Structure formats: structure tokens, C-alpha cells
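Sending over a structure as C-alpha cells; questions will come in a sec.
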Amino acid sequence: MKRWWTQLTGFLTAEEVPRWFGLSLVLIYLVGLATVTNVGIRQARRETSAHFRGSALYATEMLVDRLASLPDPSLPGGQNSPYERAMGEFAAHVPVRSVRLLNGERVLASIDPSDFDGVPASTRSLAIPSEMEVTPLRRSDGGAPDLFLRAAVHSSTISDPLLLEVVLIGEPPASISFASHAGAFSVLLVVLGAFFVVYRCLREQLRGVARIADRLYAHRDRIRDELTSLRIADSNGLDGVTTAWNELVNLTQHLLETVQRTEANQELSRVLQNSGGGALAEALHAVPDGIIHIRDESRVDYANATACRLLGWNTHGSSDRTLDGADGSNASQQILSLIRGSLGPDGKYEPCTEVVETEEEKGEPANSYRVWVVPLTRGHHSGECVILIRDVSQQMRAERAREEFVTQVTHELRTPLTNIRAYAETLSSGMFEDPKVITECYNVITKETRRLSRLIEDILSVSQLEVGSIHLAVDNVDLRALLTDGVRDVRGVAEEKSIDLQLVLPAKLETIRGDRDKLAVVINNLLGNAIKYTPRDGTVIVGCQMSGQEAMITVKDNGIGIDAMDHARVFEKFQRGRDPEVQSETGTGIGLYTAREIVRRHGGDIDLISEKGRGSTFMVRLPHREGRAAALSTSVDG
Amino acid sequence: MARILLADDDAHIVRVMSIWLERHGYDLVTASNGAEALEVLDRGGIDLIVSDMNMPVMDGVAMARAIRDRGEVDVPILLLTARCDQQKLAGQMEEYRVLVYPKPFVPSKLVAEVNRLLGPVPTTP
């Protein structure tokens, strides 16, 4: 019982409902149609019979008139044939069983007179009717009754009226009956065909509707949470309704997500705008990179403090925050131009990362900014993006300096190597025979080898300074000996340029604590630079003074000098002065850096007094008192 | 006897290469920078220029451009350089028909290159 009920409810609620519903509709419709058709056919038959009967009566009246106009058949010379011919023609057009014309009891003319035998005697009479009499004759086979007609024929040639009797067949001919039913059948067939088509269409539509209804009933409690569960699986193929339904579900899901995101964004914007200096805004203001949020292609929704500073916007107001502006070479113009350029013709921002570089002007060094344009594709907001601006000037300078350093080091290594190889091959070829010349060749090779070693030492020192592994072998350092040796090492180079190299020392010089070799590198680097950047016939003076707790070594020249703008730069690693006169000389940009780092590790420093075109004075300050020297030995030794 | 103009501010290179080139039968003229080299070239009779790249006053590149710009297209120029981007330099100097020769070099190979450019010259005993 239960199973039957389950099957029934299953059948009623499952996807088969349309089929069941359609079949029921078909049955109801067919019954109704059959009833209506039956009534229609009956009505048509009645109308056909009535029409047939009227036509027959009219034809009979015409026959009466025609017979009346014929000559008397009983007159001499008269012929029966005209009467029979007229009746024959009548019988040819009207379905009759028999026709006869009587004069009293005498039959003047007849067609199939035997059929009058079936006419009941009660209806037969010789009396002449005043009007046409019509009497139905019941048939023994149950068919439609025949009609017995009696009419007077008033001939102009006979004094007594004649009597015309006709037995008409009651049913219309088969051709007339078929014609009257064919129309009804045609209508029936067309209606049935149309109904079938309508049924098919309705069935397909209703099947999809039923599947949708099934989903809705099954997931009615969690529609909001699991909208996608309402999708119709396409295991059996999707028809138009279910496909459209799935699209509707997808669209609704998309809209729901968009609404949720929009609500969240609005809430975040509201909080940010209301709070003004809220925690998040404050945090973003503190970020060292510039951050800009752009909405609707060009509306600046947010800009943090760094971005405002870089682009010259007011931090507290948003009225001046616009992406418009003339193209130009300064940072803000270039950055704004880049942002505008990343907006495509379709109103969407294209992702891009570019470095914007400004030119050096009015004492301001060239700066580099890396700009990221990150498009946001939330919902339908295509013209939305976040801009990140980072000052990479230092990195770019360092990168350029490193490249320049590699170039310079390569050159500095190859130049002495060239001389060494050239002289070595020349010596081995036996081209020089003079022992003095041979000795000179060996001296050149030795000198260039020393130059190479010094360069390699410098590079190693830089590496050690970089990783903090430089080791000072602290001992008592005799300043007089240190400076005398330093001057002696470069005297040959100075003489090549006819430079007057002087060493001016006080009578008494104290010893200091320090690493003699490292300090020798300092003196060598300072003297090397002084000679390199002093023109021929110039002067370089090396001096030393003891003052307070410090010993001050000075290296003074009357060379090309250093622009005030470059005073700090020349001590930076891999950096050299930007003066063309400096650039024309080879150099690695590590000499002054190494010198200052070594001095600083001794607890001192190097100061620079210089003016472009008027020479330079480097002042090396080193501690010499026992206390500081002891501290140095414990802090750096080892 | 083919005449070679050797331009270099490094006296050691000038000295060594002078010996090598003269021993191989070339007549040698020297200059210590590009500007001097142009003056020497004006006097005529130079068949080949061997020049350093880094020189004061006028470097080897500027000298080569000046020579080509004033229409002296036939004299071969051999540019010695210790730069690390020698291939890039060679590409840049191609339009001036300048051969870039890397430092450090071995004198005998440089002489062989000169021989190749000028054709074999009988060496003096």
C-alpha cells in the first residue's frame, strides 16, 4: 500500500507529471471533440437532407409546370414520348424511385411504376390535391424515409387536371453526404495536428519547469547559502528552460557576490572616511612608499602621505588630487604621465612597472622612482587601480656605481697586465741586449706587479669591510716612519708628472696605536689621489700635527679640487667625482672609501676641505692617547 | 717601408711596441694622445694607426671618428682597449671601420695582426 502510494506520489511529483498531465488533457480534449463533431455531423446531415428535400420539391414543381405545357397525349396524333422524356430528364437529375402521370385511373406516362406498390394504400388517392402533398414513407430497412409526392397538373389542352405522383428517395446521394462530412473531417484533422504540436511544445516546457520546481522544493531551506545547488545538472541534456534557469542562477550568484563585495567596500570606505585618521589610514601614511587608489579612471580616492609629498598634493585635502598635468621631466609630472598612459582606450588600467628617472637640477641629485600600476578588477569597476611609488634612487645609484666599478677594475687590472706581458715577452725574445735596459724592464714588471697587488688588496679590503671581517693588527705605529715610507712609495709617480712632493713634519711625533699596514694603505690612497688629480708641476704637501688627544695627518694639493656637491660622494663606495677631469682619469672609486673605513675602525675620521679648481686638503684624525689606544686594542684587535 | 702611427699615453707600451714593430721592418711615428696623432696624420704617409683607447686630451674613439669624418677612410685603425665591454665597443666602432684589439696583449700577436692588415713585410736582419 505504502509502496503504491509512494509510486503514485512519485509519479505525480516527478518529471513525468507533464506526460501524465498532457495525456489527461488529450483524453479530455478528444472526448469533447468527438461530442462536438458528432453534433456537428448530425446538424450537417439534417441541413443536407433539408436542402436536398427543398431542391427535390422545387424540381418537382418545375416538372409540373413543364408537363402542363405539353400537348394532350390523348389527342389524335399525340405522342406519349414528350411526357416520358420530361419525366426521364427529371429522374436523371433528381433521385427518384418512380414517377407517373395519371388521368383519372389511366396512366398517361410512367418511370418504374412498380415501386408505387410499396406506397401504402392509405396515402394513395385519385383525388386531385389543390397543393403539392408530401407524405413520408417509412422504410422497412430503417433508412431515411422516402417521400411520396402528389401534385395536380393543369394542362392547357386537357380540361381535367392530371395527377403527378413521385416517390423520392429520402437520403441524399452518397456524393453529397461525403462532401458534407469531408469538411468536418478536415477540420478535425487540422485541429488534431495543431493540438499535437502544441502538446509537444508544452510538454518540453513543462518538463524544464518540473525540474526547476523539483530543485526549488529540494533546496528551499538553503537557497541563500547554496544558490549553486539550484543549478540543473546537464546529465540528460539541458533544454531551453533549464539552460535559461541555470544562467539565471549564475547571474543571481554573481549579483549576490557583487552586492556583498560592494557592501564590504562601502563599509571600508565609510570607516576610512569617517575616521579620517583611522588606524589603517595612519598605517598607510607611515608607509615609506607612495600608495594611491584610483577609482573611475581618474578619481583619486586615496593617497598616502608619501604619495602626496612626491606628487605635491595636499595631505589633508583631496581637491587638488588630480591626475591631470602637463608632461614634463620632474618626478610628479613623469609619474602622473605614466599613470595616465597605462589607462587603455577601453577604460581599463593595464598593469605596468616602470622606473621614472629625473634629471639632476639645481643642486638636486637625479632621483629614480619605480612605479607599479596594479589594476583592480572588482565587479564592473574597470577603471580602478592601485599605484605604488617607491624611491629607488639609492639602489639605482649603487647599481650604476657597481657597474662602473667593474668597468674600472677591469681596466685597472688589464693595464698593468699589459705592460707585464709586453715586457716579459720582449725580455724572453732577446731583443734587449743592454744590461741596463734589461734591468729597467725587470723594474717595470716589478712595479706593475706591485700595482696589481695593491689593487687586489684594495678590492679585498672592500670585501672585508663589506662583510665586517677586516682585522686590525694593532701595534705601536711610528707616524714619522709611516709617512716617510708612504711618500717614498709615490715619489716616482710624482716625479713623472714633475710634481713637487713635500713632507713637512714637526721635530717630535708620538707613536700611535694602530695597524701599520692598513694605515699605510690610507696614506698611499690619499697620496695617490693627490698626485693623480694634480696637474703637472703642481705641489703636494704631506704634514702631521699632534693636537690634544689626536694626531692629524694632512695631505694637501693644489690640484683640480672637489666640488662641494661631491664632498660626501667621494667617500662612498664605488663613487667618484662627477667632474669630467676626474672621469678622464682611471679609478675604481674605492680608494677614499677604504681609507675612511680603515681610519674609522681606528677610532678616527677623515675630513675634507676642498674647492673646485683650488686644490684639496684631506685631514686624517687618529687617536693617540693611551686610554683610547688601549680601548682600540681591545675593541678591534681580533 | 710601411709607416705606422702608434698613439698611446703609456710610455711603456710605446717603448715596447716601437722595438717590436721596428724589428719587423716598419717605420714608426708615435703620439701620446689623439690630438697629436691627428697632427702626425696631417703630415701624410701613414699606412696604419695603432692607438690606445684611453688617452688624455683626445681618446682613441674621438680620434678615429675625427679621422673618418674628414674623409680618410683607407688607413686601417687598430684600437687597443682594456675595457670589459669590448664586443659592444667593436659594434659601435664598426661603422668607422675600426678594429678593436683587446688588452692585455702579447706583442708578437699584435705584430702578426699588423702584418695581416698591411701584408707581409720582409724583416730586417
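How crowded by other chains is A:429-435, given as the mean number of beta carbons from other chains within 10 Å of each beta carbon? It would help to have the intermediate numbers written out before the result.
Values: counts 5, 0, 6, 2, 0, 0, 0.
Whole-number average of other-chain Cβ neighbours for A:429-435 is 2.
Okay, moving on. Let a ≥ b ≥ c be the square roots of the eigenvalues of the Cα gyration tensor of region A:416-472; is it rounded (a/c under 1.5), or, if not, prolate (a/b larger than b/c) or oblate?
Details: a/c = 6.39, a/b = 3.49, b/c = 1.83.
Verdict is prolate for region A:416-472.
Enumerate by residue number the trypsin sites (Lys or Arg not before Pro) in region A:188-234 meeting two conditions: DSSP loop (anything except H, G, I, E, B), and at most 11 other Cβ atoms within 10 Å of the site's Cβ. Working shown, then result.
Working: sites: A:R200, A:R203, A:R207, A:R211, A:R215, A:R220, A:R222, A:R224, A:R231; in loops: A:R224, A:R231.
Loop-located and lightly packed - A:R224.
Counting other Cβ atoms within 10 Å of each Cβ, which trypsin sites (Lys or Arg not before Pro) in region B:10-85 have at most 14 and sit in a DSSP loop? List each step's numbers first, then the result.
Numbers: sites: B:R15, B:R23, B:R43, B:R65, B:R68, B:R70, B:R83; in loops: B:R43, B:R70, B:R83.
Within region B:10-85, the qualifying trypsin sites (Lys or Arg not before Pro) (loop, at most 14 other Cβ atoms within 10 Å) are B:R43, B:R70.
For region A:472-636, what number of Lys pairs, 8 or more residues apart or on separate chains, have alpha-carbon atoms under 26 Å from each other?
14
Separate question: Starting from the Cα coordinates of chain A, work out the convex hull volume and express it per residue in Å³. Show your work: numbers first, answer last.
Numbers: hull volume 313.8 nm³, N = 638.
With only Cα atoms used, chain A gives 492 Å³ per residue.
To continue, here is another question. Divide, for region A:472-636, the radius of gyration over alpha carbons by 2.2 N^0.38 Å, where N is the residue count. Mind dumping the intermediate values first?
Details: Rg = 15.4 Å, N = 165, 2.2 N^0.38 = 15.3 Å.
This ratio for region A:472-636 stands at 1.01.
Using amide H atoms built 1.01 Å from N in the peptide plane, name the residues 5+ places from A:D605, or on other chains, whose amide H lies under 5 Å from its own.
The answer is A:R621.
A further question on this structure: Check each of the trypsin sites (Lys or Arg not before Pro) in region A:495-524 and keep only those in coil by DSSP with at most 12 other C-beta atoms within 10 angstrom; list them in order.
Details: sites: A:K497, A:K508, A:R513, A:R516, A:K518; in loops: A:K497, A:K508.
Here the sparse-neighbourhood loop sites are A:K508.
Still on this structure: Would you please give the FRET efficiency between A:S114 and A:I41, computed as 1/(1 + (r/R0)^6) with r the Cβ-Cβ distance and R0 = 35 Å, to the nearest 0.05? Don't jump to the answer; show the numbers that get you there.
Details: r = 35 Å, r/R0 = 1.00.
Given R0 = 35 Å and the Cβ-Cβ separation, E is 0.50.
Okay, moving on. Mean residue ellipticity at 222 nm from the helices of chain A, using -39,500 (n - 2.57) per DSSP H segment of n ≥ 4 over the full residue count, to the nearest 500 deg cm²/dmol?
On the way: 15 runs with 315 residues, N = 638.
Theoretical 222 nm ellipticity from helices: -17000 deg cm²/dmol.
Ok, one more. Show which lysines lie in cross-link reach of B:K103 when reach means a straight Cα distance below 22 angstrom and same-chain residues fewer than eight apart are skipped.
Answer for B:K103, where 22 Å is the Cα cut-off: A:K447, B:K88, listed by chain and number.
For B:100-112, what's the mean count of beta carbons from other chains sitting within 10 Å of each residue's beta carbon?
Values: counts 0, 0, 2, 10, 10, 6, 6, 9, 3, 1, 1, 0, 0.
For peptide B:100-112, the averaged partner shielding equals 4.
What is the spread of the Cα atoms of region A:472-526 along each of their three principal axes, largest first, in whole Å?
For region A:472-526, the Cα spread along each principal axis is 36, 26, 13 Å.
Nearest 10 degrees is fine. How inclined is helix A:516-532 to the longest principal axis of chain A, computing both from alpha carbons?
Once rounded, the angle reads 80 degrees.
Classify region A:369-435 from the C-alpha gyration tensor, please: rounded if a/c falls under 1.5, else prolate or oblate depending on whether a/b exceeds b/c. Can you show the working numbers first?
Details: a/c = 13.93, a/b = 5.26, b/c = 2.65.
Because a/c hits 1.5 or more and a/b exceeds b/c, region A:369-435 counts as prolate.
When the Cα centres of region B:1-46 and region A:332-362 are compared, how far apart do they sit, in Å?
For region B:1-46 versus region A:332-362, the Cα centre distance is 53 Å.
Next question, about the same structure. Work out the P(r) tail for region A:221-271: percent of alpha carbon pairs separated by more than 11 Å, whole number.
Numbers: 915 of 1275 pairs.
I get 72 percent for the Cα pairs in region A:221-271 exceeding 11 Å.
What shape does region B:3-114 have by the C-alpha gyration tensor, where a ≥ b ≥ c are the square roots of the eigenvalues, rounded means a/c under 1.5, and otherwise prolate means a/b greater than b/c and oblate the rest?
Cα axes put region B:3-114 in the rounded bin.
Quick one: Kirkwood hydrodynamic radius for region A:41-172, alpha-carbon pairs, angstrom, one decimal?
Details: mean 1/r = 0.0654 Å⁻¹.
Taking every pair of different Cα atoms in region A:41-172, averaging 1/r and inverting gives 15.3 Å.
Under a crude label model (7 Å from the Cα following the beta-carbon direction), how far is A:A50 from A:F195 in nanometres?
2.8
So, R0 is 45 Å and r is the distance between the beta-carbons of B:S108 and A:Q464; what FRET efficiency does that work out to, to 0.05? Let's see the in-between values first.
Numbers: r = 40 Å, r/R0 = 0.88.
Once the sixth-power term is evaluated, E becomes 0.70.
Throughout, read-outs are computed from the coordinates displayed, never taken from laboratory work. Computed from a predicted model, the values in this text were never measured in an experiment. Cβ coordinates were reconstructed from backbone atoms using ideal geometry, including for glycine residues, and neighbour counts include every protein chain displayed.
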